[in-house]
Amino acid sequence: MTTDLPARMLRLLSLLQTRREWSGTELSERLGVTGRTVRRDIDRLRELGYPVEGTTGHAGGYRLASGTAMPPLILDDDEATATAVALRTAAGHLTGMEETTLRALAKLEQVLPARLRTQVAAVHQTTATIGWETRMVRIDAKLLAALAAACRDHESVTFDYTTRHGASASRRVEPHHLVASGGLWYLLAHDTGRDDWRIYRLDRIRHLTPNRSHFAPRPVPGDDPAAYVAGKIAGAPTRHRAVATV
């Protein structure tokens, strides 16, 4: 039985963050306490600002819900290391996010245990990135977030799009998926004007405007957005085609 209250609370929070929902019985068994103690600990988490939702009854369960503010998170060793490395990498690919990601990284590294801080430092010190200026396009983080929300909420959008030939025109689309490939981001959407699927590079999108109108999501051809986008990219007209024997 876990008698140390702070340790038990951290353990409970960690469990709630690893799964969509836990039953009261499962939490009792994991923590080695009674169901009544679990309910009291859940109430303590709520008092600390963690939005824990629950259902009553014998089969009642608990889960962390989204709240108005982001509470502290509990990360294991692998998750903390992956987050630190991802933050360091993200600073170079999203416009206007350099300072934000570095602030978040500084906060994380400040509380990392010494063994993890050494691992993260070793990765940063021994890793170099080749910046292909003609390929590594920097994406506006606000645009990426807005399109992700439109895909999630099935909300149509309008934007100005510049083709690879330099022509610009307005597009009204139903966004379905975002696909990342080779440092580039693509939007897979159904173009309402052409009544067909289209792929748009995010760095060529300007003046995005949500239309406040929702649509019923369509099945993506082949049921695999990444494969569909990869096939379209591979089949696009190219200036040169070469075969190399190594």
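The values are calculated or read from the model by the stated rules, or taken from the named source; none is laboratory data. Fair warning: this is a prediction, and the values are worked out from it, not measured in the lab. Every residue, glycine among them, receives a Cβ derived from its backbone with ideal geometry; neighbour counts consider all protein chains shown. Quick note on the areas: whole protein, heavy atoms, side chains included, nothing else; ligands and nucleic acids left out. Shrake-Rupley method; radii C 1.70, N 1.55, O 1.52, S 1.80 Å.
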Subject >> Meets criteria (at pLDDT 80 or above, β-branched (Val, Ile, Thr) and crowded, with 17+ Cβ neighbours inside 10 Å) for Thr25 >> reply: no
**OP:** Could you look through the range 1-22, keep only residues that are over 15 Å from Tyr62 (Cα atoms) and of a type in the set (S, T, N, Q), and pick out the one that is surrounded by the fewest Cβ atoms within 10 Å (Cβ to Cβ)?
**Re:** Thr3
Original post:
Among the numbered criteria (1) open to solvent by 30 Å² or more (accessible area, probe 1.4 Å); (2) touching a residue at least 24 places away in the same chain (Cβ under 8 Å); (3) farther than 14 Å from Ile139 by Cα, which single criterion is violated by Leu178?
Top reply: (3)
Subject >> Hits in the range 204-246 (condition: exposed (fewer than 13 other Cβ atoms within 10 Å of the Cβ), part of a helix (DSSP H, G or I) and among the hydrophobic types (A, V, I, L, M, F, W, C)) >> reply: Ala234
Original post:
So Arg164 clears everything in (1) in contact with a Lys or Arg (Cβ under 9 Å, 6 or more places away or on another chain); (2) closer than 30 Å to Thr100 by Cα; (3) not in a strand (DSSP E or B) except one condition, right? Which one?
Top reply: (2)
**OP:** Looking only at the range 186-203, count how many residues are open to solvent by 20 Å² or more (accessible area, probe 1.4 Å) and in contact with a Lys or Arg (Cβ under 7 Å, 6 or more places away or on another chain).
**Re:** 4
